[in-house]
């Protein structure tokens, strides 16, 4: 039987920098290609074709001491990650999938993945996308805030239109801001002033200089 091959950009170990898993040591499998081209994307190199690797080759490059693995991209759901996820589960890994939310995972994949970290794109990305989260399959929703007042207005409308629990929403500043702490504070002030139930979190790797 021919073993499944994946197009991989890189495999590394670091601290999880975003979302509800922030601060947790994790292996990262960055899969190649993306169906979007966000203007502020900080991993444009993931748009490339990548290197073909088998599941065994991928597993061999993981840090065996770390039992959390994040499958990211690019957009990882462009590839069939179910066989890879099954193998990771078989060796006792907790699995996080970071996705832009434009591709719905299968029911079978949903049963295996522990956390779907979903980042719907606002208009600040250069895209105007239609999403359908009627079945609320995301573990949480992360939004990149570039223009605080305008973008948070857009998040509020998005959350209302999709009937999303606001406590599942995370706001994070544009990682390209040189005044990153100020960017966080701007978001915090708007959330407090408006009495919103969203969480505000930094990208930890921006602060500590990790990958």
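The values are calculated or read from the model by the stated rules, or taken from the named source; none is laboratory data. Everything quoted here is computed from the prediction, not taken from an experiment. Methodologically, a virtual Cβ is constructed for each residue, glycine included, from the backbone with ideal geometry; neighbour enumeration extends over all protein chains shown.
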Name every residue in the range 11-29 that is touching a helix residue (DSSP H, G or I) at 6+ places or on another chain (Cβ under 7 Å) and more than 23 Å from residue 171 (Cα to Cα), in order of residue number. 11, 29
Selection count where residues are surrounded by 14 or more Cβ atoms within 10 Å (Cβ to Cβ) and within 16 Å of residue 80 (Cα to Cα), scope the range 29-50: 7
Let me spell it out: the conditions are (1) more than 19 Å from the chain's Cα centre (by Cα); (2) buried (at least 18 other Cβ atoms within 10 Å of the Cβ), and residue 60 meets all of them except one. Which number is the exception? (2)
If a residue must be surrounded by fewer than 16 Cβ atoms within 10 Å (Cβ to Cβ) and within 19 Å of residue 139 (Cα to Cα), how many such residues does the range 68-85 contain? 1
Options 199, 177, 206: the member that is surrounded by 16 or more Cβ atoms within 10 Å (Cβ to Cβ), closer than 23 Å to residue 116 by Cβ and at pLDDT below 95: 206
Any residue at all in the range 103-112 that is assigned to a strand (DSSP E or B) and farther than 18 Å from residue 38 by Cβ? no
For the range 2-16, the count of residues that are free of Cβ contacts under 8 Å to residues at least 40 places away in the same chain and either surrounded by 15 or more Cβ atoms within 10 Å (Cβ to Cβ) or within 14 Å of residue 59 (Cβ to Cβ) (or both) equals 1
Pick out the one residue from 113, 170, 145 that is over 14 Å from the mean Cα position of the chain (by Cα) and either surrounded by 15 or more Cβ atoms within 10 Å (Cβ to Cβ) or without any contact (Cβ under 8 Å) to a residue 24 or more places away in the chain (or both). 145
Test result for residue 103, in contact (Cβ under 8 Å) with a residue 60 or more places away in the chain, loosely packed, with under 13 Cβ neighbours inside 10 Å and more than 30 Å from residue 186 (Cα to Cα): yes
If I filter the range 116-128 for residues that are touching a residue at least 60 places away in the same chain (Cβ under 8 Å), under 24 Å from residue 6 (Cβ atoms), in contact with a strand residue (DSSP E or B) (Cβ under 6 Å, 6 or more places away or on another chain) and buried (at least 19 other Cβ atoms within 10 Å of the Cβ), do I get at least one hit? yes
With the first residue restricted to the range 60-81 and required to be farther than 19 Å from residue 112 by Cβ, and the second required to be modelled with pLDDT under 95 and not in a loop (DSSP other than H, G, I, E, B), Cβ contacts under 6 Å at 6 or more apart or on different chains are 74/46
